Amino acid sequence: MIEIKNLKKYYGERTVLDIPELIIKDGEMPALAGANGSGKTTLLKILGGIIKASEGNLSLTGNILYMPQNSYAFRGDTVRNIMISGADRKSALELLEKLELSHLADKKAKSLSGGELQRLSLCRVLSKKCDLLLLDEPTSACDAKGAELVINAIREYRNECGCTVIMSTHSPMLALNASDRLIILNAGKIESDGSPGETLANPGSQWAESFAAGWKI
Ligand SMILES: Nc1ncnc2c1ncn2[C@@H]1O[C@H](COP(=O)(O)OP(=O)(O)OP(=O)(O)O)[C@@H](O)[C@H]1O
Ligand SMILES: [Mg+2]
């Protein structure tokens, strides 16, 4: 279980995250939504131990894997870019097949397109087991087919290892198809929190209602 109490992050005078309480149960799959700058990446980075909160308490246990918002490639070919995380060649190739990147296995990873690189980045993360998977906008560079492959791979991984998956997204499709909870952030505060369908139908505040209006699909 992840438990957050009175968590704040500020830069200088500016508070960019202010969460009085948030509990995420083991195995939950919440999606974090909200406008640019609302604090999604900041929250994921704090959960992943990449940055520290300025105030408050965070309790969580277990292995954490984090996929950053900006995908990157190491030198070398695509398959080695997965093996760098410790995976053997066979399982790296299986992951590439799952994300429909097999034809690029021997190509330089740095030559991949944005959407291909994002799927490779996911392969690298999914090559390891964890208790908590943090994904920062995992479909942002993907076309419709690529997003579907990513969603299926995340769901399959989650079903196999039973981990908690927290992902940030601007994609209603991702939130509705791969999440069981939608947390909407507005200027660093939780504006709305509930099941994705329910939250979009009854956003709970005027601000969340206008946000949800743009999310109706
Ligand atoms: N190192 C930093 N120094 C100062 N301000 C920062 C720093 N990192 C983030 N911020 C600010 O914190 C706010 C929240 O940023 P964050 O990256 O969490 O937003 P986000 O919800 O992930 O946005 P996006 O949808 O664009 O990815 C932003 O206004 C950003 O400018
Ligand atoms: Mg972000």
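Values as computed for the structure displayed
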quantity	calculated
Among 199-211, 144-156, the order from most to least packed when residues are scored by Cβ within 10 Å on average	144-156, 199-211
FRET E, pair R155, E21, Förster distance 25 Å, beta-carbon r, rounded to 0.05	0.30
Eligible lysines near K189 by straight Cα distance, threshold 28 Å, same-chain separation 8 or greater	K5, K8, K9, K25, K40, K45, K52, K216
For S192, distant residues with modelled amide H under 5 Å away	I184
Candidates L117, L22, L135, ranked by Gaussian network fluctuation over the chain, Cα under 10 Å, top entry	L22
Whether segment 112-217 is rounded, prolate or oblate, judged on the alpha carbon gyration tensor where a/c under 1.5 counts as rounded	prolate
Relative packing of peptides 73-85, 29-41 - highest average C-beta neighbours within 10 Å first	29-41, 73-85
Taking segment 127-217 and dividing mean pair separation by its residue count, relative contact order in percent (alpha carbons under 8 Å, at least six apart)	23
Relative contact order for segment 1-78, counting Cα pairs under 8 Å that sit 6 or more residues apart, in percent	36
Accessible area of the chain belonging to carbon and sulfur atoms, whole % at 1.4 Å probe	46
Segment 59-211 - accessible surface per residue (Å², probe 1.4 Å)	47
Rule-of-thumb Rg ratio for the chain [Cα; 2.2 N^0.38 Å; N residues]	1.02
Karplus (6.51, -1.76, 1.60) ³J(HN,Hα), θ = phi - 60°, over segment 116-122, in Hz, Gly and Pro reported as x	5, 5, 5, 5, 5, 4, 5
Farthest toward positive dipole pole in the chain [+1 Lys/Arg, -1 Asp/Glu at C-beta], among I2, N177, A153	A153
Estimated vicinal HN-Hα couplings, Hz - segment 39-51 in sequence order (Karplus 6.51, -1.76, 1.60; Gly, Pro = x)	x, 4, 5, 4, 5, 4, 5, 5, 4, x, x, 7, 10
Karplus-derived 3J(HN,Hα), 6.51/-1.76/1.60, for each residue of segment 54-70, Hz, glycine and proline x	7, 8, x, 10, 9, 10, 7, 10, x, 7, 10, 10, 10, 10, x, 5, 9
Whole-number percent relative contact order across segment 1-130, with pairs defined as alpha carbons under 8 Å at least 6 apart	23
Residues with amide H under 5 Å from that of L7, placed H, sequence gap 5 or more	I19, N57
Principal axis box of segment 55-109, alpha-carbon based, largest edge first, Å	47, 22, 18
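The values are calculated or read from the model by the stated rules, or taken from the named source; none is laboratory data. It should be emphasised that the depicted structure is a prediction, and the values quoted were computed from it without experimental measurement. All Cβ positions, glycine included, derive from the backbone under ideal geometry; neighbour counts span all protein chains shown. Calculation scope for accessible area: heavy atoms of the full protein, side chains included, ligands and nucleic acids excluded. Shrake-Rupley method; radii C 1.70, N 1.55, O 1.52, S 1.80 Å.
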